[in-house]
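Comments concern the structure below.
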Amino acid sequence: MLQTLRNAWKVPELRKRILYTLLLLVVFRLGSYITVPGLSPDAIKSMMGGFDQGIQGLLNNFSGGALENASIFAMSISPYINASIILQLLTVAIPALERLAKEGEEGRKKIASYTRYLTVILAFLQATGLYFGLRSGMENTGAMSYIIVTLTLTAGTAFLMWLGEQITEKGIGNGISMLIFAGIVSRGPALIQTLAGLVMPADGATMSIQSVVTLIAIVAISILAIAFVVFMNDAERRIPVQYAKRVVGRKMYGGQSTHIPIKVSMAGVMPIIFAVSIMSFPQTINMFINGQNGAPEGFWATVLSLFQQTHPFYIIAYFVLIVFFTYFYTAIQFNPIEISNNMKKNGGFVPGIRPGKSTSDFISRILSKVTLLGSLFLAVIAVFPILMGVFMPSMAGVAIGGTSLLIMVGVALETVKQLESQMLMRHYKGFLE
């Protein structure tokens, strides 16, 4: 990875992209410390009940501490992620949006425009909920205060959305993933301090044997998780393809053998980000609506208790959502029918399989099996730290670190892959050697 970064730095155009990305990430970090007028960090901390564990900790990590600081980026990029999920699901259900998605670049631009509008609407609604959740702890609760707080938070999310799109277009990596990555990295020292507090004695006394064993276990599991993520990220199933020979004029084309690589983890880390956003939504609404007024009672208390991070329903739903979004995201990226048609047009075929529908069905079966393996891998890795917190309450903070670690490793690997592809496009000799 370091060698790839060094080689990329030697290419002037890639160096500009890297510097541009770093500049926008610095802007993101600076904005995380600009407090919203009228909002108090203490009021937010009181409403959320702290940021050491649970959904509150995840939301705070995704925002890079902006939520804890009551800054203009307190809502992070969550409304954009939710808007993207809604539009992608509607694209499957609504024929008009499905036609737009198939129109190529122009269609994708229109869907992206709809996503931006929906993001602003969701951000405004979330900002309104946050305002009313904090109103009891605010000095000024008039109409002007409502306008300032909600519009500032909405504008902050819209600006983050713009930053992410600029990084994707002119920088390196997926912009939204890079913003989440930067937020998690910035919380690294706080996460290490939280984990250290689980095993280190509070009074400064010598660590017990149990604490030493726990610390070694955390480090070992983290290293194994990183190694497993890297291994699965590079794993792929190769479908052999043979191209028939054909004569065009005086030249002969084809006759070579190649393969179609189907990655086990084609969706990358996006299913985890999507699943976290969906599962955090009920608890977020609860915190915003009730805030300092206390928890709900009766039926709604029972429903919201299901979305506590240590509840069996939450764990099972989180697992299922990761599997679902892995299949969903893979289906958007990889179309077996299109691959089969392109092979048929160019005289390609899978040995032993008839061209056309038989080939597309064959590719679909393999894709389904490979995606199942990749989805189970992601789900198990994401759920395992939560289970540790369930069976070992003192390790509850590990769940936040586990999910954050997965996202960090996944985004880093995806960004390096993109750098490698950019260098291959430019036939960079130093890299090819």
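Might you check whether a residue that is surrounded by 15 or more Cβ atoms within 10 Å (Cβ to Cβ), modelled with pLDDT under 80, among the β-branched types (Val, Ile, Thr) and within 17 Å of residue 225 (Cβ to Cβ) occurs anywhere in region 382-399?
Yes, region 382-399 contains at least one residue that is surrounded by 15 or more Cβ atoms within 10 Å (Cβ to Cβ), modelled with pLDDT under 80, among the β-branched types (Val, Ile, Thr) and within 17 Å of residue 225 (Cβ to Cβ).
Looking only at region 338-371, count how many residues are free of Cβ contacts under 8 Å to residues at least 40 places away in the same chain and among the aliphatic types (A, V, I, L, M).
Qualifying residue count for the region: 1.
Residues being over 20 Å from residue 238 (Cβ atoms) and at pLDDT below 80: count how many of those fall in region 320-344.
Total satisfying the criteria: 1.
Of 91, 119, 152, which residue is in contact with an Asp or Glu (Cβ under 8 Å, 6 or more places away or on another chain) and part of a helix (DSSP H, G or I)?
91
Select from region 141-160 the residues that are touching a helix residue (DSSP H, G or I) at 6+ places or on another chain (Cβ under 9 Å), surrounded by fewer than 17 Cβ atoms within 10 Å (Cβ to Cβ) and modelled with pLDDT under 85 and list them in ascending order.
141, the sole residue that qualifies.
Kindly list the number of the only condition in (1) of a type in the set (A, V, I, L, M); (2) at pLDDT below 80; (3) outside any loop (DSSP other than H, G, I, E, B) that fails for residue 83.
Only one criterion is unmet by residue 83, namely (2).
When the residues of region 101-116 are filtered to those that are assigned to a loop (DSSP other than H, G, I, E, B) and of a type outside the set (Gly, Ala, Ser), which remaining residue is nearest to the chain's Cα centre (by Cα)?
Looking at residues that are assigned to a loop (DSSP other than H, G, I, E, B) and of a type outside the set (Gly, Ala, Ser), I get 102.
Got at least one residue in region 30-49 being at pLDDT below 80, under 24 Å from the mean Cα position of the chain (by Cα) and crowded, with 20+ Cβ neighbours inside 10 Å?
yes
If we scan region 77-86, do we find a residue that is within 27 Å of residue 276 (Cα to Cα) and in contact with a Gly (Cβ under 8 Å, 6 or more places away or on another chain)? Can you show your working first?
First, the residues of region 77-86 that are within 27 Å of residue 276 (Cα to Cα): 77-86.
In the following step, the residues that additionally are in contact with a Gly (Cβ under 8 Å, 6 or more places away or on another chain) were identified as 77, 80.
Looking for residues that are within 27 Å of residue 276 (Cα to Cα) and in contact with a Gly (Cβ under 8 Å, 6 or more places away or on another chain), one finds at least one in region 77-86, hence yes.
Being surrounded by fewer than 16 Cβ atoms within 10 Å (Cβ to Cβ), at pLDDT 75 or above and not acidic (Asp, Glu) narrows it down to one residue among 205, 196, 235, 225; which is it?
From the options 205, 196, 235, 225, the qualifying one is 235.
Inspect all residues belonging to region 166-180 and state whether any of them is surrounded by 21 or more Cβ atoms within 10 Å (Cβ to Cβ) and either out of contact with any helix residue (DSSP H, G or I) (no Cβ under 6 Å at 6 or more places or on another chain) or under 24 Å from residue 46 (Cα atoms) (or both).
no
The values are calculated or read from the model by the stated rules, or taken from the named source; none is laboratory data. All figures in this text were calculated on a predicted structure; none of them were measured in a lab. We place every Cβ from the backbone using ideal geometry, glycine too, and count neighbours over all the protein chains shown.
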